[in-house]
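J.: This is the structure I have questions about; it appears just below.
The values are calculated or read from the model by the stated rules, or taken from the named source; none is laboratory data. Every value quoted in this text rests on a predicted model; they were computed, and no experiment measured them. Reconstructed Cβ throughout: ideal geometry from the backbone, glycine too, with neighbour counts over all protein chains shown. Accessible surface is based on the protein model in full, side chains and every heavy atom, while ligands, DNA and RNA are left aside. Shrake-Rupley method; radii C 1.70, N 1.55, O 1.52, S 1.80 Å.
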Amino acid sequence: MSTPPPTGPLVTRDTLRTQLGELGVRPGETLLVHSSLSSLGWVNGGAVAVVWGLLDALGPEGTLVVPTQTGDLSDPVLWRKPPVPPEWWAAIRAAMPAYDPRITPARGVGVVPETVRTWPGALRSAHPQTSFAAVGPRAAEVIEGHAPDCRLGERSPLAKLEATGARVLLLGAGYASCTSFHLAEYRIPSPRVAVGRPGPEGWETVTEVSISSDRFDELGYDFERDRPVVRGKVGAAEARLFPVADAVAYAERWLAVHRPREEEFPHPPV
């Protein structure tokens, strides 16, 4: 039985550049991209073509930023996909390699961010669980100073992206992936939790703001209804474009009303 041909559309580096420009991506801007390669259609060249298309649309003065999170560098007691036997937990903590921004692969954010992470000239931030990678003339400005006890708050790349007028591109990804909403969690009353992870000297625990993407899809729906969000198609993917600052400001108000944090939200399973 023969394999059916792909349904398309056929997406190339050039079509990505053109369609991103038609959507409103501007040469020279800084763009935080959350992406789904599979949503785009049949991409000639895969993730490499997508990264080239994004860089082409941004031009030589633009900067591409992606999340390169490593949620697997966490306490195995939280693991659900799949879980591991409790009798393994102590050995896993003792032997888990510490984060190395040069070689630790991204996990759970898709193949496009992992491709950016290994791109020539890419820089990556220092947080061992919620790093970002960037390519372009503002890469160092964006990723430097990511504090090890501040996953997605004031001392993370998100705050710098907000301050410098960067925009978010959801490229086939939903609002549940919008890390900018997390910055708002640091600006409203939020619980603090103990976060375990491997460190340079062995297993360590830090106290952090509790973060959760619970109800982010609802938040995004209301944000899109109430604020100007550019919508369009890139390949077969739904694409959305909006300022980081708008998303953070809206989320601060929305979360305080619709998802108050007196109750504790668990860490997302990994």
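J.: Can you name the condition, by its number, that residue 8 falls short on among (1) within 24 Å of residue 124 (Cβ to Cβ); (2) in contact with a strand residue (DSSP E or B) (Cβ under 6 Å, 6 or more places away or on another chain); (3) in a loop (DSSP other than H, G, I, E, B)?
T.: Of the numbered conditions (1) within 24 Å of residue 124 (Cβ to Cβ); (2) in contact with a strand residue (DSSP E or B) (Cβ under 6 Å, 6 or more places away or on another chain); (3) in a loop (DSSP other than H, G, I, E, B), the odd one out for residue 8 is (1).
J.: So, in the stretch 198-220, how many residues would count as being open to solvent by less than 20 Å² (accessible area, probe 1.4 Å) and in a helix (DSSP H, G or I)?
T.: The number of residues fulfilling the criteria is 3.
J.: Further question: Using beta carbons and a limit of 7 Å, which pairs, at least six apart or on different chains, have the first residue in the stretch 130-142 and over 19 Å from residue 99 (Cα atoms) and touching a residue at least 60 places away in the same chain (Cβ under 8 Å) and the second one among the aliphatic types (A, V, I, L, M) and open to solvent by 20 Å² or more (accessible area, probe 1.4 Å)?
T.: The qualifying pairs are 135/55; 135/122; 139/123.
J.: Here are 32, 40: which of them is under 17 Å from the mean Cα position of the chain (by Cα) and open to solvent by less than 10 Å² (accessible area, probe 1.4 Å)?
T.: When all the criteria are applied, what remains is 32.
J.: Can residue 138 be described as charged (D, E, K, R) and under 23 Å from residue 261 (Cα atoms)? Walk me through it before giving the result.
T.: Working: charged (D, E, K, R): yes; under 23 Å from residue 261 (Cα atoms): no.
So residue 138 fails the test.
J.: Given the condition touching a residue at least 12 places away in the same chain (Cβ under 8 Å), within 16 Å of the chain's Cα centre (by Cα), assigned to a loop (DSSP other than H, G, I, E, B) and surrounded by 14 or more Cβ atoms within 10 Å (Cβ to Cβ), answer yes or no: does some residue in the stretch 83-101 qualify?
T.: Scanning the stretch 83-101 turns up at least one residue that is touching a residue at least 12 places away in the same chain (Cβ under 8 Å), within 16 Å of the chain's Cα centre (by Cα), assigned to a loop (DSSP other than H, G, I, E, B) and surrounded by 14 or more Cβ atoms within 10 Å (Cβ to Cβ).
J.: Going through the stretch 102-122 one residue at a time, which ones are touching a residue at least 40 places away in the same chain (Cβ under 8 Å), part of a loop (DSSP other than H, G, I, E, B) and not aliphatic (A, V, I, L, M)?
T.: Within the stretch 102-122, 108, 110, 119 meet the criteria.
J.: Tell me, yes or no, whether the stretch 114-132 has at least one residue that is open to solvent by less than 20 Å² (accessible area, probe 1.4 Å), of a type in the set (Phe, Trp, Tyr), farther than 17 Å from residue 196 by Cβ and in contact with a helix residue (DSSP H, G or I) (Cβ under 7 Å, 6 or more places away or on another chain).
T.: Among the residues of the stretch 114-132, at least one is open to solvent by less than 20 Å² (accessible area, probe 1.4 Å), of a type in the set (Phe, Trp, Tyr), farther than 17 Å from residue 196 by Cβ and in contact with a helix residue (DSSP H, G or I) (Cβ under 7 Å, 6 or more places away or on another chain), which makes the answer yes.
J.: Here is a check on your reading of the model: is residue 155 within 22 Å of residue 49 (Cα to Cα) and open to solvent by 40 Å² or more (accessible area, probe 1.4 Å)?
T.: No: the conditions fail for residue 155.
J.: Taking only pairs six or more apart or across chains, which ones have beta-carbon atoms under 6 Å, a first residue in the stretch 234-249 that is free of Cβ contacts under 8 Å to residues at least 12 places away in the same chain, and a second residue that is aliphatic (A, V, I, L, M) and in a strand (DSSP E or B)?
T.: If the second residue must be aliphatic (A, V, I, L, M) and in a strand (DSSP E or B), no pairs are left.
J.: For the stretch 225-248, name all the residues that are out of contact with any helix residue (DSSP H, G or I) (no Cβ under 6 Å at 6 or more places or on another chain), in a helix (DSSP H, G or I) and open to solvent by less than 40 Å² (accessible area, probe 1.4 Å).
T.: none
J.: Then there is this: Please work out if residue 224 is acidic (Asp, Glu), touching a residue at least 60 places away in the same chain (Cβ under 8 Å) and on the phi < 0 side of the Ramachandran plot.
T.: Considered against the rule, which asks whether it is acidic (Asp, Glu), touching a residue at least 60 places away in the same chain (Cβ under 8 Å) and on the phi < 0 side of the Ramachandran plot, residue 224 comes out as no.
J.: Pairs please, first residue from the stretch 60-72 and closer than 15 Å to residue 182 by Cβ and touching a residue at least 24 places away in the same chain (Cβ under 8 Å), second anywhere and aromatic (Phe, Trp, Tyr) and not in a strand (DSSP E or B), Cβ atoms under 9 Å, 6+ apart in sequence or on different chains.
T.: none
J.: Scan the stretch 167-197 for residues that are closer than 19 Å to residue 74 by Cα, of a type in the set (Lys, Arg) and open to solvent by less than 30 Å² (accessible area, probe 1.4 Å) and jot them down.
T.: 197
J.: Could you tell me how many of the residues in the stretch 52-74 are part of a loop (DSSP other than H, G, I, E, B), of a type in the set (D, E, K, R) and modelled with pLDDT of 95 or more? Spell out how you get there, then give the answer.
T.: The first filter runs over the stretch 52-74 and keeps only residues part of a loop (DSSP other than H, G, I, E, B), leaving 59-62, 68-69, 71-74.
Narrowing the set further to residues that are of a type in the set (D, E, K, R) leaves 61, 72.
Right, trim to modelled with pLDDT of 95 or more and you get 61.
Residues in the stretch 52-74 being part of a loop (DSSP other than H, G, I, E, B), of a type in the set (D, E, K, R) and modelled with pLDDT of 95 or more: 1 in total.
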